[in-house]
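Readers should treat all values here as calculations from the given coordinates under stated rules, not as data from a laboratory. Just so it is clear, the structure is predicted and the values come from calculations on it, not from any experiment. Here the Cβ is made from the backbone with ideal geometry for all residues, glycine too, and neighbour counts use every protein chain on show.
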Amino acid sequence: MSGFKDHFSRQSDTYASARPRYPAALFDWLAAQGPGRELAWDVGCGNGQASVGLASHFKRVVACDPSESQIRNAIPHPRIDYRVQAAETVSLPAESVDLLIVAQALHWFDLDAFYASAMPALKPGALFATWCYGISTVSPEVDAVFERLYRGPLDAFWPPERAHIENDYINLPLPFSQTLSTPAFSLTVDWNADQYLAYLRSWSASQRHLDATGVDAVSEIESDMREAFGEPSRNVSWPLTIKACRKP
């Protein structure tokens, strides 16, 4: 697992509860695109949020992540086989996979190594899909406090790969030339202020800032965020960028 950039193991026990769930319609669409529904593969699965969505449609799901802590805290499901394995060394039998996804993780990978190791496992006509979501929107008041945190004390602590999220993966190449038009999806949750603050603390930059300075940057904007939040719960949304291609 050399080269593995571990930004999330430390907070893996809270990561699942502090991150939004993907919409069921996304997995409905993905399952309808491939040559079958025998085997789906989730690489960089984290705690298995996307893996569970795949398990609703596929007989078997293999889910891999290099973080032992993330896998230990993964969402259990009888059809999911969780494995501690880096994206650059993953392997399944040739032409055995109907769908391969990478959810909010492709920007961390060595793409040449990942594509070389993983793509032979896809069946002809199988789909490769990846997606990311960036900055949330809540209300003008909440979003203004968000920007103070995101562009302020945390700005220097974002890993350089974060740029790929901000530009919607436009500079990350896909492994196959046959690309698909994808529907518009968004992530939407109703969260209270505690849940939203937990999400902000789950960021890799929040943890890096804490490690470097001993200061929880989220605590410094917490009172303003709670005041801006105002209501018992708010609708929080993130645009979802999806890129997909089909193996010849």
Pairing a residue in the stretch 227-245 that is within 23 Å of Val102 (Cβ to Cβ) with any residue that is crowded, with 20+ Cβ neighbours inside 10 Å and among the β-branched types (Val, Ile, Thr), where Cβ atoms lie under 8 Å and the two sit 6 or more apart in sequence or on different chains, gives Ile242/Thr130; Lys243/Thr130; Ala244/Thr130
Here is a list of conditions, (1) closer than 22 Å to Leu26 by Cβ; (2) assigned to a strand (DSSP E or B), and Ile75 meets all of them except one; can you say which number that is? (2)
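Given Thr179, Thr130, Thr188, Thr137, which one is crowded, with 18+ Cβ neighbours inside 10 Å and in contact (Cβ under 8 Å) with a residue 60 or more places away in the chain? Walk me through it before giving the result.
On the way: Thr179 fails: crowded, with 18+ Cβ neighbours inside 10 Å; Thr188 fails: crowded, with 18+ Cβ neighbours inside 10 Å; Thr137 fails: crowded, with 18+ Cβ neighbours inside 10 Å.
Sole residue among the options that is crowded, with 18+ Cβ neighbours inside 10 Å and in contact (Cβ under 8 Å) with a residue 60 or more places away in the chain: Thr130.
Quick one: in the stretch 68-122, of everything that is touching a Gly at 6+ places or on another chain (Cβ under 6 Å) and β-branched (Val, Ile, Thr), which residue is surrounded by the fewest Cβ atoms within 10 Å (Cβ to Cβ)? Explain how you work it out, then say what you get.
The first filter runs over the stretch 68-122 and keeps only residues touching a Gly at 6+ places or on another chain (Cβ under 6 Å), leaving 70, 74-75, 87, 98-99, 102, 105.
Next, only the ones that are β-branched (Val, Ile, Thr) stay: 75, 102.
Numbers: Ile75: 16, Val102: 25.
The residue in question is Ile75.
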Out of Phe27, Phe114, sole residue that is closer than 22 Å to Ser177 by Cβ and assigned to a helix (DSSP H, G or I): Phe114
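How many residues are of a type outside the set (Gly, Ala, Ser) and either without any contact (Cβ under 8 Å) to a residue 12 or more places away in the chain or over 14 Å from Val102 (Cβ atoms) (or both) if we restrict to the stretch 27-60? Please lay out each step first, then the result.
Of all residues in the stretch 27-60, those of a type outside the set (Gly, Ala, Ser) come to 27-30, 33, 35, 37-39, 41-43, 45, 47, 49, 52, 54, 57-60.
Filter once more, so that each one left must be either without any contact (Cβ under 8 Å) to a residue 12 or more places away in the chain or over 14 Å from Val102 (Cβ atoms) (or both): 27-29, 33, 35, 37-39, 47, 52, 57-60.
So the count comes out to 14.
With the requirement that a residue be of a type in the set (A, V, I, L, M, F, W, C), closer than 20 Å to Ala129 by Cα and surrounded by fewer than 16 Cβ atoms within 10 Å (Cβ to Cβ), what does the stretch 154-171 give you?
We begin by selecting, within the stretch 154-171, every residue of a type in the set (A, V, I, L, M, F, W, C); these are 154, 156-158, 163, 165, 170.
Add one more test, that the residue is closer than 20 Å to Ala129 by Cα, and what stays is 163, 165, 170.
Result: Ala163, Ile170.
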